[in-house]
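Inspection log for the structure reproduced underneath, given as structure tokens.
Bear in mind these aren't lab numbers, they're just calculated from the coordinates by the rules spelled out. Just so it is clear, the model here is predicted, and its values are computed rather than measured. Virtual Cβ from ideal backbone geometry, glycine too; neighbours counted across all protein chains shown.
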Amino acid sequence: MRVAIIHDWLVTIAGAEKVLAEIIALYPDADLFSMVDFLSDSQRMALSGKMATTSFIQSLPKARTKYRTYLPLMPLAVEQFDLSAYDLIISSSHAVAKGVITGPDQVHICYCHSPIRYAWDMQSQYLEEAGLAEGLKSWVARVLLHRIRNWDYRTANGVDHFISNSDYIARRINKVYRRSADTIYPNVAVEDFPLKAEKEDFYLAASRMVPYKKIDLIVRAFSKMPDKKLIVIGDGPQFEKVKQAAAPNILIMGYQSFEILRDHMQRARAFIFAAEEDFGIMPVEAQACGTPVIAFSKGGVLETVVDGKTGVFFHEQTEKSIQAAVGRFEQEFQFDPDAIRLHACSFSTERFKTQFKSFVEQKSEEFFQFRKIEHV
């Protein structure tokens with residue numbers, strides 16, 4: 001089959017791009033499309049060196065750094081791709097990629113990381129964080145998001161089969177699009193995170209420092225537990241805010257190399273995770289190291305952490321809730337690093353590739369067999 005793969009935008013190698021990389025590995029002859037492609041040569045190696053055919057947004061002013069500001073134009077941009085020469089279209093989408101136009105003789109399978117978060121149930125949170133909760137700019141943003149919601153709902157009809165990256169996202173797909181989705185958990189490179197059974201007396205939080213990750217909340221919680229050491233790795237817009245909230249028992253390391261991050265993940269007593277994520281790769285990476293996770297009990301983490309066996313949950317994004325969970329973690333549970341590691345291995349890259357390829361082959365065969373019968 002002639003295969004096209006379309007991704008929202010290519011500006012860094014994060015969780016969605018790691019999934020994309022494995023899809024490309026499964027279909028190395030596929031052509032790649034994206035709104036923009038600003039990957040460096042070294043980053044592109046993760047995608048087997050493949051370059052994307054891009055939209056007109058690639059050439060717009062400051063698109064390299066301000067590509068998100070062109071979101072209102074992205075529905076138009078994605079609809080300009082001509083994919084009529086392909087039999088199978090695979091979209092990797094958390095924004096607009098699933099809206100590509102396809103025909104009745106093509107099968108379109110969407111790996112949905114999430115419906116557009118800031119246009120649907122998380123609109124209020126994103127507007128608040130962007131300083132757009134009130135005023136004229138707020139109303140302009142709300143009107144634009146309303147239009148994007150209408151477009152997003154309509155274009156769900158162009159997808160033949162949805163794959164969700166968690167049951168949590170499958171429920172969101174059903175709520176937003178009224179479509180069912182089959183869950184295939186994203187690939188986690190558990191082989192890059194070896195088991196270390198001996199743990200040291202510190203907790204670890206690691207993330208890009210943006211509001212919804214709640215790193216500042218974790219730091220404030222540990223600032224009131226002076227007998228417990230917390231190490232924080234990561235950088236981002238909230239770095240100074242996080243640093244100012246840190247007490248003497250907290251070490252803010254900023255951005256660190258993968259090797260340093262992995263070393264701390266292996267040695268930490270537990271990994272602290274306070275975000276509401278669609279899936280959440282880092283908690284699985286920590287578990288691959290045999291490190292238990294103390295996590296907020298909402299989102300995909302409910303499917304990757306087993307309460308009392310591979311970690312402990314807290315149920316509110318508050319300082320007191322985190323503190324109570326740390327107390328329960330220390331007083332009530334004994335964790336087996338080998339069992340934690342074994343659980344993490346169920347989210348491996350090989351598992352993802354096997355499940356994804358099997359799903360695509362089955363749905364494609366069913367579709368094209370039906371087309372043959374129809375033409376007889």
Query - Extended-chain gain in nm, criterion 0.36 nm per residue less alpha-carbon gap, residue 182 and residue 316 - result: 45.3 nm
Query raised in the report: Where Lys and Arg each count +1 and Asp and Glu each count -1, what net charge lies around residue 247 among other residues with Cβ under 14 Å from its Cβ?
Result: +2
Requested in this report: Could you sort out which of 18/309; 243/309; 18/213 sit more than 23 Å apart by Cα distance in this structure?
Outcome: 18/309; 243/309
Query raised in the report: Over all directions, what mean area does the Cα convex hull of the range 220-376 project, stated in square nanometres?
Result: 12.4 nm²
Report task. Please compute the net charge surrounding residue 300, taking Lys and Arg as +1 and Asp and Glu as -1 over other residues with Cβ under 10 Å from its Cβ. Result -> -4
Report summary line: The ³J(HN,Hα) series, computed from each phi in the range 187-194 with the Karplus coefficients 6.51, -1.76 and 1.60 at θ = phi - 60°, rounded to the nearest Hz and given as x for glycine or proline, is 6, 10, 7, 4, 5, 8, 10, x
Query raised in the report: Under 17 Å Cα-Cα from residue 298, which aspartates and glutamates qualify once same-chain neighbours fewer than 8 residues away are excluded?
Result: 121, 167, 276, 277, 278, 307, 316, 319
Query - For the range 185-326: relative contact order, % (alpha-carbon pairs under 8 angstrom, 6 or more apart) - result: 26 percent
Query - Under 22 Å from the Cα of residue 137 - lysines, other chains or at least 8 residues apart - result: 62, 66
Requested in this report: Using 0.36 nm per residue of separation minus the Cα-Cα distance, give me the extension gain between residue 68 and residue 251 in nm, one decimal.
Outcome: 62.6 nm
Query raised in the report: How far is helix 15-26 tilted, in degrees, relative to the longest principal axis of the Cα atoms in the chain, given as a value from 0 to 90 rounded to the nearest 10?
Result: 50 degrees
Query raised in the report: Under a GNM of the chain (C-alpha, springs under 10 Å), which listed residue has the highest mean-square fluctuation: 166, 257, 84?
Result: 257
Query raised in the report: Does anything in the range 144-187 have its amide N under 14 Å from the 7 Å Cα→Cβ label point of residue 365, and if so which residues?
Result: none
Query - Computed over the range 273-361: relative contact order in percent, which uses C-alpha pairs under 8 Å that are six or more apart - result: 30 percent
Query raised in the report: With axes computed from alpha carbons, what is the tilt in degrees of helix 349-375 against the longest principal axis of the chain, rounded to the nearest 10 within 0 to 90?
Result: 20 degrees
**Report entry** Zone residues, the range 191-212, relative to residue 128, backbone N less than 19 Å from point 7 Å out along Cα-to-Cβ
**Finding:** 209-212
Report summary line: Computed on Cα atoms only, the convex hull of the range 1-92 has an orientation-averaged projected area in nm² of 5.7 nm²
Requested in this report: Sequence neighbours fewer than 8 away in the same chain don't count; with that in mind, list the lysines whose C-alpha is under 16 Å from residue 363.
Outcome: 353, 372
Requested in this report: Could you go through the range 82-88 in sequence order and give the Karplus-derived ³J(HN,Hα) for each residue, using 6.51 cos²θ - 1.76 cosθ + 1.60 with θ = phi - 60°, rounded to whole Hz, and x for Gly and Pro?
Outcome: 9, 10, 5, 7, 9, 8, 10
**Report entry** With Cα atoms, 0 to 90° folded angle of helix 319-332 axis to the chain main axis
**Finding:** 70 degrees
Query - 3J(HN,Hα) from dihedral phi, the range 300-307, Karplus parametrisation 6.51/-1.76/1.60, rounded to Hz, x for glycine, proline - result: x, 4, 5, 9, 10, 10, 9, 4
Report task. Take 225, 1 and order them by how many other Cβ atoms sit within 10 Å, fewest up front. Result -> 1, 225
Query - Length-normalised contact order of the chain in % [C-alpha pairs under 8 Å, at least 6 apart] - result: 13 percent
Report task. First measure r as the distance between the Cβ atoms of residue 235 and residue 342, then evaluate 1/(1 + (r/R0)^6) with R0 = 30 Å and state the FRET efficiency to the nearest 0.05. Result -> 0.40
